[in-house]
Amino acid sequence: MLTFCISTFNNYDYLYKVIECLKKQKNQNFNVVIQDNTKKSLLKKIDFKSNNVVINTEQCNGLSESRNLSAKICETEYIHFLDDDVLFDSNFSQRVIDSLLKNSECASIGGKITPDWTYTSKPSWISNSTLAMLSCVDFGDNIIQYGGNCREAGWLVGANLIF
């Protein structure tokens, strides 16, 4: 049903945290594709319990091409692009699957991206209104539709995006 696709380029410290988040999911009914765009993959062996995990090291030029390569590998109905530095709780995959089942008519679904200021202080020059320029969006917990006659939300962020 669902494949999480993560593109990375020399960002292993954060990527391993994303992998740990995926390993801790209560619902393990998903596949994983990691597009590692370094010259030689430095990824350690990833041991998921029952998931199909593919690490692709085919070279490409940037995030768009990386995601296109992941889409070619994806064998599920839905593809969920995640950035290599996002973190989420152990119920994330279940919420994603529930959202897909409840909104099967949607062509895409995006989720909130909120910054983690535990590693550094929020710079004073960044206001809440400028966070969107850093791909941080939070439209709240309600479902907001976009498309057709509905214009409630204006964009989705690729760091947490399903097609």
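Accessible area ranking (1.4 Å probe, heavy atoms, ligands and nucleic acids excluded), largest first, for 88, 30: 88, 30. On a per residue basis, the chain carries 62 Å² of accessible surface, using protein heavy atoms and a 1.4 Å probe. Label-to-label distance, residue 103 versus residue 91, with points set 7 angstrom from Cα along the beta-carbon direction: 1.7 nm. You can think of it this way: the chain between residue 138 and residue 65 has 23.6 nm of extra reach, that is 0.36 nm per residue less the Cα-Cα gap.
Here the accessible area is traced with a 1.4 Å probe on the protein chains. For the chain, carbon and sulfur cover 50 percent of it.
Pair-distance distribution of the chain: all C-alpha pairs, bin width 10 Å, starting at 0; shares per bin in whole percent are 9, 37, 36, 16, 1.
The values are calculated or read from the model by the stated rules, or taken from the named source; none is laboratory data. All figures in this text were calculated on a predicted structure; none of them were measured in a lab. Cβ atoms come from the backbone with ideal geometry, glycine included; neighbour counts cover every protein chain shown. The area values use the complete protein model at the heavy-atom level, side chains included, leaving out ligands, DNA and RNA. Shrake-Rupley method; radii C 1.70, N 1.55, O 1.52, S 1.80 Å.
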